[in-house]
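These notes are about the structure you will find just below.
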Number of protein chains: 2
Amino acid sequence: MEKTLLKVNRERLLETIKVSSSIGPSGNGGLNRLALSEADKNMRDIFVDWLKEEGLEVRIDDFGNIYGKRKGKLEDGPSVAIGSHLDTQPCGGKYDGILGVLSALEVIRILNENDIETEYPVEIVNFTNEEGARFAPPMLGSGGITGDFTKDYIYGIKDAEGISFEQALTDIDYLGDSKNRLTNVKNFIELHIEQGPILHDKEKTIGVVQGIQGIDWFTVKVTGKTNHAGPTPMENRKDALVAASKMILKVNEITDEIKGLKTTIGKMDVRPNVTNVIPGEVEFTIDIRHEDNELRSHAFERLKEQLSAIALMSEVELTITTDWNTETTLFAPAVKDAIQEAVDKFGYSSLELFSGPGHDAKYMAGVADSGMIFVPSIDGISHNEEELTLDDDIEKGANVLLYVVQKLAGTK
Amino acid sequence: MEKTLLKVNRERLLETIKVSSSIGPSGNGGLNRLALSEADKNMRDIFVDWLKEEGLEVRIDDFGNIYGKRKGKLEDGPSVAIGSHLDTQPCGGKYDGILGVLSALEVIRILNENDIETEYPVEIVNFTNEEGARFAPPMLGSGGITGDFTKDYIYGIKDAEGISFEQALTDIDYLGDSKNRLTNVKNFIELHIEQGPILHDKEKTIGVVQGIQGIDWFTVKVTGKTNHAGPTPMENRKDALVAASKMILKVNEITDEIKGLKTTIGKMDVRPNVTNVIPGEVEFTIDIRHEDNELRSHAFERLKEQLSAIALMSEVELTITTDWNTETTLFAPAVKDAIQEAVDKFGYSSLELFSGPGHDAKYMAGVADSGMIFVPSIDGISHNEEELTLDDDIEKGANVLLYVVQKLAGTK
């Protein structure tokens, strides 16, 4: 493979994305293609046709995941899987997830038109319901086949209208067979927009993703004393909101101490929430992220101490509950190295970074050597109709994917 | 009057309060006697009977205010008016307002049974809808007769079920005549529970109320940038909640600089209010109270500067809107002096203080020399079924009212 530095067909790839951009338009330049909706079915049908046109063996599994397998020389060898998801948020963009699936298709097309034989099979994947916008939680298709969720659990999840995941699969005729699930897989590689501003801000083209940051979610409840604003002297107050404000600043300041730590208070409820009543109770969430699991847990222990001290000084009660946590996923060196090698060969600018949000590659990393390629999203905007990745960056990202597939699947 | 130091009949007063406490019980030891409700009508009917038993000339005006006049020697002389309100919050207490009306009745009873002639008429008043719980804003009965609200405005106000104030008056048969309104009034004296903890905390019995604190209400809107918690580096964030937290602490800290200033942030809304999304917008209210109008307005100007500086440093937008304001009401020296004189004669402990909440005396102060007598509420609790004023304090408060009436109405 040293001799040939194959590139994707830029125009064809952009044309394919354009077709996708017309299916389930949101009305403001974005897409509204919720998982297992009519629009999702339309996209799936077209996608299946495209796979068949490339001579791939198409399978649908019991979670509605779509696979197209291109045989390798080792007929029973493990696959190099590539892809992402075609579903979107209700006011989503045209690139999130979609780019990973359609670039994978372009890779298959290039391999086909160049008659390239690979040692291992190459398998394209469209995972069901990555967004979790219709059926929460997200990443049910990938988490289903990796065993992170049970089938019973997934089938029982209902959307806002009470329609179950299983029913929705049946309704659009994408309820396949469990024996079609992706197994015997060597690698999973997912090309994706960054959904953050780092590549854009630093003017780099390719993100060599090191892993997915671990996340801890907590709820903090501060209980003071509800009282009337008029008669209650300042020194008699147990104002839950003033105490909570001090805590919020501490939660923010700790990121100065620990490099790379991100903390967010996104949700806050004040009770009784009346202009002339001193708040007796405030509840807020903390989202803590860091790729180093130990540093993240250290940060939380520090915060617990600091928040308790504030509570003591402010004469309020404090309870902290863990709502959810997920450890950091580290991607496989073999995949990261292949991506870096591609970047070097093509002479693209690049950056090593961690993903903040979760992706299908997170679950896939549990069953195969996995990795991700990020391309810039302008201003870091995503989950938004204004989401934009430039054509040049799309082409370069797809070229990297093409290279990595050749490298990991093995070409003569 | 120097010779006689008349006292109220404690047992009779407590018995009268007990009757009131049985009309419109809330189920948890408090009262649910919303203005112009069936319970309010029942209380009014009994009250009117009591007035008639004392030989008073009973009038109902076009706002449903009930008056009972006891003639003075100067037949056309201006009245010394005493009273408050018999309506309650939906989960209200047994003393708020009620104490002022029923103590006034006890004063009349004492004057009657001692055959005391006064120079000026003494007039008992029950004002309609002081609480504002059914028909907002509060204090419609007093504000109506003083001209602070127009009749059209008051009649058009509707409750949550769409029933107008006028209709509600008609429904309970308390729509009287505008010519019955209280006019030609010399003084208004209102006995009331403190609705705050100061007397209770400082173990004083009588509050010599200096006036009603002015209040300013503002809404502060902080606009940052909504972004995902995962990918957005700390240094790229424009977190509206972190900026707002700094502002809240400033609003709280300014009370250390200005003695007697009270600031409250009671209401706060965070948007979009999602755990893993950096808040793009936060709106909160500020309630500022001080008896000195200039100091209050100075405090606000200082806060505007400080909040603007925080907004600038935090790279967020700031808008501050004035929602409502009311200047400080100062009570008449003649009334305050009479209250102090009574306290001294009886040897009660006392304290000069300002009222935080508004009262009917606020509007009455615009048309007559007015004042208020406060008695302690345990732990400052009010607008609550647990509201409690001790029998001893009720008796002492009523004794002070009795003295003040004799003093201001003039006894031989």
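Observations
- FRET efficiency estimate (nearest 0.05) - Cβ-Cβ, B:K18 to B:D344, R0 22 angstrom: 0.10
- The range A:214-326, Cα convex hull volume normalised per residue, Å³: 88
- Computed E for A:L312/B:T319 - FRET, C-beta separation, R0 45 angstrom, nearest 0.05: 0.80
- Between the range B:217-285 and the range B:301-316, the alpha-carbon centres lie 12 Å apart.
- Remark on B:T226: its backbone amide H falls under 5 Å from those of B:G280, a criterion applied only to residues 5 or more positions apart or on other chains, H modelled at 1.01 Å from N.
- With 5 Å bins beginning at zero, the pair-distance distribution over Cα atoms of the range A:76-217 amounts to 2, 8, 14, 19, 20, 17, 11, 7, 3, 0 %.
- Computed over the range A:280-374, the ratio Rg/Rh where both radii use C-alpha atoms and Rh is Kirkwood: 1.16
- With viscosity 1.567 mPa s and temperature 4 °C, the Kirkwood radius over alpha carbon pairs of the range A:338-412 converts through Stokes-Einstein to a diffusion coefficient of 93 µm²/s.
- Under the convention that each Lys and Arg Cβ holds +1 and each Asp and Glu Cβ holds -1, the size of the dipole of the protein assembly as shown around its Cα centre is about 580 debye.
- Dividing the alpha-carbon radius of gyration of the range B:120-178 by the rule-of-thumb value 2.2 N^0.38 Å gives 1.15.
- Among the listed pairs A:K221/B:K262; B:K221/B:K250; A:K238/B:K238; A:K304/B:K267; A:K151/A:K179; B:K94/B:K186, those beyond 20 Å (Cα-Cα): A:K221/B:K262; A:K238/B:K238; A:K304/B:K267; B:K94/B:K186
- Direction-averaged projected area, Cα convex hull, the range A:82-164: 6.6 nm², rounded to one decimal.
- Distance in nm between pseudo-label sites at B:K202 and A:E38 (7 Å out along the Cβ direction from Cα): 7.2
- For B:T411, residues with placed amide H under 5 Å, excluding near neighbours: B:E119
- The Rg/Rh ratio for the range B:162-237, using Cα coordinates for both the radius of gyration and the Kirkwood hydrodynamic radius, is 1.29.
- Stokes-Einstein, applied to the Kirkwood radius of chain A over Cα pairs at a viscosity of 1.306 mPa s and 10 °C, places its translational diffusion at 70 µm² s⁻¹.
- Phi-based couplings in Hz for the range A:395-406 (Karplus 6.51, -1.76, 1.60; Gly and Pro marked x): 4, 5, x, 5, 4, 5, 4, 4, 5, 5, 5, 4
- In this Cβ point-charge picture (+1 for Lys and Arg, -1 for Asp and Glu), chain B has a dipole of about 360 debye about its Cα centre.
- Between copies, the label points at A:S308 (set 7 angstrom from Cα along Cα-to-Cβ) are spaced 4.4 nm, reported in nanometres from shortest to longest.
- Nonlocal amide H pairs with A:I373, under 5 Å, H built at 1.01 Å: A:E190, A:L191, A:H192
- Listed residues B:Y120, B:S377, B:L330: farthest to the positive end of the dipole of the protein assembly as shown (Cβ charges): B:L330
- Alpha-carbon centroids, the range B:339-353 and the range A:89-130: separation in whole Å: 87
- Distance from the axis that maps chain A onto chain B is least for the Cβ of the chain A residue given, with the whole Å value, as A:S245, 2.
- Selection from B:P138, B:V274, B:L74, by position along the positive dipole direction of chain B (Cβ): B:V274
- Fluctuation leader among B:G211, B:G147, B:G72 - chain B, Gaussian network, Cα springs under 10 angstrom: B:G147
- Per residue of chain B, the DSSP helices (runs of n ≥ 4 H) give a summed -39500 (n - 2.57) that works out to -11000 deg cm²/dmol at 222 nm.
- Phi to ³J(HN,Hα) by Karplus 6.51 cos²θ - 1.76 cosθ + 1.60 over the range A:298-314, Hz, x for Gly, Pro: 4, 4, 5, 4, 4, 4, 4, 4, 5, 5, 5, 5, 5, 4, 4, 5, 8
- Remark: the range B:214-326 carries a charge dipole of roughly 280 debye about the Cα centre, counting +1 on each Lys and Arg Cβ and -1 on each Asp and Glu Cβ.
- The phi-based Karplus calculation (6.51 cos²θ - 1.76 cosθ + 1.60; θ = phi - 60°) puts the 3J(HN,Hα) values of the range A:206-217 at 10, x, 8, 6, 7, x, 10, 4, x, 10, 10, 10 Hz, whole numbers, x for Gly and Pro.
- Comment: the Cα-to-Cβ extended label point of A:I378, at 7 Å, lies 6.8 nm from its counterparts in the other copies, nearest first.
- When B:T322 is represented by a point 7 angstrom out along its Cα-to-C-beta vector, the spacings to that point in the other copies are 5.2 nm, nearest first.
- Treating r as the C-beta distance of A:D115 and A:D76 and R0 as 30 Å, the FRET efficiency rounds to 0.85.
- Fraction in percent of alpha-carbon pairs per bin - 5 Å, the range A:17-154: 2, 11, 20, 22, 19, 14, 8, 4, 1, 0
- Restricting the calculation to Cα atoms, the range B:312-353 shows an Rg/Rh of 1.46 when the hydrodynamic-style radius is the Kirkwood one.
- Binned Cα-Cα distances of the protein assembly as shown, short to long, each 10 Å bin given as a whole percent: 2, 12, 18, 16, 12, 11, 10, 8, 6, 3, 1, 0, 0
Read-outs throughout are calculated quantities, based only on the coordinates presented, and are distinct from any laboratory measurement. Only a predicted model underlies this, so the values are computations on that prediction, with no experimental measurement involved. We place every Cβ from the backbone using ideal geometry, glycine too, and count neighbours over all the protein chains shown.
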